[in-house]
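The values are calculated or read from the model by the stated rules, or taken from the named source; none is laboratory data. Quick caveat: nothing in here was measured; it's all calculated off a predicted structure. Cβ sites come from the backbone with ideal geometry, for glycine too, and all protein chains shown count toward neighbours.
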Amino acid sequence: MSRALFALAVGAFGIGCTEFVMMGLLPQIGADLHVSVPAMGVVITAYAIGVVIGAPTTTLVATWLTTRQTLMTLMAVFVTGNLLVALAPSFQVLLAARVLTALAHGSFFGVGAIAARRAVAPHRATQAISLMFVGLTVANVVGVPAGTWVGQHLTWRLTFAAVAGIGLLTVLALRLLLPEDQVRIDVRAELGAFRRPRVWLGLAITTVGFGSLFAVYSYVTPILTELSGLGPTGVTVVLALFGAGTTVGTLVGGRFGDRWGMPVVAWGLAVVALLLVAFTVTSAAAVPAVVTLVAFGMVAFSLGPVVQNRIIVEAGTGGSLVSAANQGAFNVANAIGAGLGALVIEVGLGYRATMWVGAALAVAGAVMVAATLGYTGDRRRIAEPAAELVG
């Protein structure tokens, strides 16, 4: 792994920890701040909104900074936000601190994807992005369980202080390992990229296709306990296996993406749909449910780096802002998938209905990818030089 990619992966690990560890600590934080668990759910929603808003805005604000300076500044914001969470005396301060932290999330991955592409040969661009993203998946395997344990058995404030420490380590790693350059964001080129229909098609694919993941994964715990018959310990083990599967999928997806490009996403979403249809049956028994769920996570996460790379390519010379916007689209997909899943559960269709919702979104995403390929006529390997894709 390039030293620069290691620095980016450490930052992704920290972001993954801070985003997902909150979900496991809502009862402890709510009890400490005298807020109910349902009310604490607003914190998760606010973080997602912060990512969507912050992805494009913080990228544009950093126009006078170089790539390394931008990433270090974003991590400084991340550190500040997590320290404020750790010290929060009230729910209101906690909420504001989470929004501040979220502002760095989308832009870090967006600009980081550009930096990752520059760190390798052009024909390995998707692999480079996948190596950065693997920090996020490893966070779900190691960081989130560890942070949850610390928060539950010691104090949740120590968890977020430790995440701030990871942010400081990332700042140091970026300073030492990421080569400096004089490339700065060209606002005109960045905004001009949004005049390209294929950029909007890419964002739509992310929003719809990846909604399939969140339609099911948002309710994975009750699915495993109520349908598959697993206890709390079993669920923890399955989630660890799921995280391991997503890590493998992310790495494999990077290799496949560099070789075959967007057709990988079309086929991958079709496989996701088939796995979710199968899950409506296999979820009735523990072992088949686990096998199906891990395979689902592996395939779904393999597609992220491919889409991220492709949308940078489609942006031409305005890749940073579009790359960040794609991270916002992932969070919109989260909201859409989880919202549709909640809807079918609330009307009495049960947890299996979330799988049908996910399958439908995956099919819709696959159709959109096929339409994109037909529109561009491009079935070749994506291998444009990274230097041509940034301002």
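Considering only the range 239-249, I want to know if a residue exists there that is among the hydroxyl-bearing types (S, T, Y), closer than 16 Å to L213 by Cα and in contact with a helix residue (DSSP H, G or I) (Cβ under 8 Å, 6 or more places away or on another chain).
If we filter the range 239-249 for residues that are among the hydroxyl-bearing types (S, T, Y), which is where we start, we get 246-247.
Still in the running and closer than 16 Å to L213 by Cα: 246-247.
From what is left, the residues that are in contact with a helix residue (DSSP H, G or I) (Cβ under 8 Å, 6 or more places away or on another chain) are 246-247.
So far as the range 239-249 goes, yes, one or more of its residues are among the hydroxyl-bearing types (S, T, Y), closer than 16 Å to L213 by Cα and in contact with a helix residue (DSSP H, G or I) (Cβ under 8 Å, 6 or more places away or on another chain).
Can you list residue pairs whose Cβ atoms sit under 7 Å apart, with the first residue in the range 252-267 being without any contact (Cβ under 8 Å) to a residue 60 or more places away in the chain and the second being among the aromatic types (F, W, Y)? Count only pairs 6 or more apart in sequence or on different chains.
If the second residue must be among the aromatic types (F, W, Y), the pairs left are V264/F256.
Scan the range 162-177 and tell me whether some residue there is touching a residue at least 12 places away in the same chain (Cβ under 8 Å) and farther than 21 Å from S107 by Cα.
Checked against the condition, which is being touching a residue at least 12 places away in the same chain (Cβ under 8 Å) and farther than 21 Å from S107 by Cα, the range 162-177 yields at least one hit.
Given the residues V281, V299, V277, which is the only one that is within 21 Å of V369 (Cα to Cα) and either in a loop (DSSP other than H, G, I, E, B) or without any contact (Cβ under 8 Å) to a residue 60 or more places away in the chain (or both)?
Working: V281 fails: within 21 Å of V369 (Cα to Cα); V277 fails: either in a loop (DSSP other than H, G, I, E, B) or without any contact (Cβ under 8 Å) to a residue 60 or more places away in the chain (or both).
Just one listed residue meets the conditions, V299.
Can you run down the residue pairs with Cβ atoms below 7 Å, 6 or more apart or on separate chains, where the first is in the range 195-217 and in the same structural domain as N326 (by TED's automatic domain parsing) and the partner is basic (K, R) and modelled with pLDDT under 90?
What qualifies is G202/R310.
Any idea which residue in the range 307-327 is surrounded by the fewest Cβ atoms within 10 Å (Cβ to Cβ), counting only those that are over 13 Å from the mean Cα position of the chain (by Cα) and aliphatic (A, V, I, L, M)? Lay out the reasoning, then the answer.
To start, the set of residues in the range 307-327 that are over 13 Å from the mean Cα position of the chain (by Cα) comprises 309-322.
So of that shortlist, the ones also aliphatic (A, V, I, L, M) come out as 311-313, 315, 321-322.
Working: I311: 26, I312: 30, V313: 24, A315: 27, L321: 29, V322: 29.
Applying the filter and picking the extreme gives V313.
Might you let me know whether the range 16-37 holds any residue that is touching an Asp or Glu at 6+ places or on another chain (Cβ under 9 Å) and of a type outside the set (A, V, I, L, M, F, W, C)? Steps first, please.
Within the range 16-37, the subset touching an Asp or Glu at 6+ places or on another chain (Cβ under 9 Å) is none.
Scanning the range 16-37, I find no residue that is touching an Asp or Glu at 6+ places or on another chain (Cβ under 9 Å) and of a type outside the set (A, V, I, L, M, F, W, C), so the answer is no.
Look through the range 302-322, keep the residues that are farther than 19 Å from V264 by Cα and assigned to a helix (DSSP H, G or I), and return whichever of them is modelled with the highest pLDDT. Explain how you work it out, then say what you get.
Just the residues of the range 302-322 that are farther than 19 Å from V264 by Cα, to begin with: 315-322.
Among the residues that remain, those that are also assigned to a helix (DSSP H, G or I) are: 315, 319-322.
Numbers: A315: 78, G319: 72, S320: 75, L321: 79, V322: 83.
Per the stated criteria, the residue is V322.
Quickly run through the range 86-113 and pick out the residues that are hydroxyl-bearing (S, T, Y) and more than 16 Å from T18 (Cα to Cα).
Here is the first cut: in the range 86-113, the ones hydroxyl-bearing (S, T, Y) are 90, 101, 107.
Within the range 86-113, just S90 meets the criteria.
Restricting attention to the range 345-366, does a residue exist that is under 30 Å from L65 (Cα atoms), buried (at least 18 other Cβ atoms within 10 Å of the Cβ), of a type in the set (V, I, T) and modelled with pLDDT of 75 or more? Spell out how you get there, then give the answer.
So the first thing to find is which residues in the range 345-366 are under 30 Å from L65 (Cα atoms), and the list is none.
Scanning the range 345-366, I find no residue that is under 30 Å from L65 (Cα atoms), buried (at least 18 other Cβ atoms within 10 Å of the Cβ), of a type in the set (V, I, T) and modelled with pLDDT of 75 or more, so the answer is no.
Give A161, A173, A139, A146 a once-over and let me know the one that is within 19 Å of F13 (Cβ to Cβ) and surrounded by 24 or more Cβ atoms within 10 Å (Cβ to Cβ).
Details: A161 fails: surrounded by 24 or more Cβ atoms within 10 Å (Cβ to Cβ); A173 fails: surrounded by 24 or more Cβ atoms within 10 Å (Cβ to Cβ); A146 fails: surrounded by 24 or more Cβ atoms within 10 Å (Cβ to Cβ).
Criteria check complete, one pass: A139.
Please verify whether G11 is of a type outside the set (D, E, K, R), crowded, with 22+ Cβ neighbours inside 10 Å and more than 21 Å from W149 (Cα to Cα), treating the condition exactly as stated. Walk me through how you get there before you give the answer.
Working: of a type outside the set (D, E, K, R): yes; crowded, with 22+ Cβ neighbours inside 10 Å: yes; more than 21 Å from W149 (Cα to Cα): yes.
So G11 fits the description; yes.
Is one or more of the residues making up the range 58-71 modelled with pLDDT of 85 or more and among the aliphatic types (A, V, I, L, M)?
yes
Since R196 meets every condition but one in (1) more than 30 Å from A4 (Cα to Cα); (2) surrounded by 18 or more Cβ atoms within 10 Å (Cβ to Cβ), which condition does it not meet?
Here R196 clears every test but (2).
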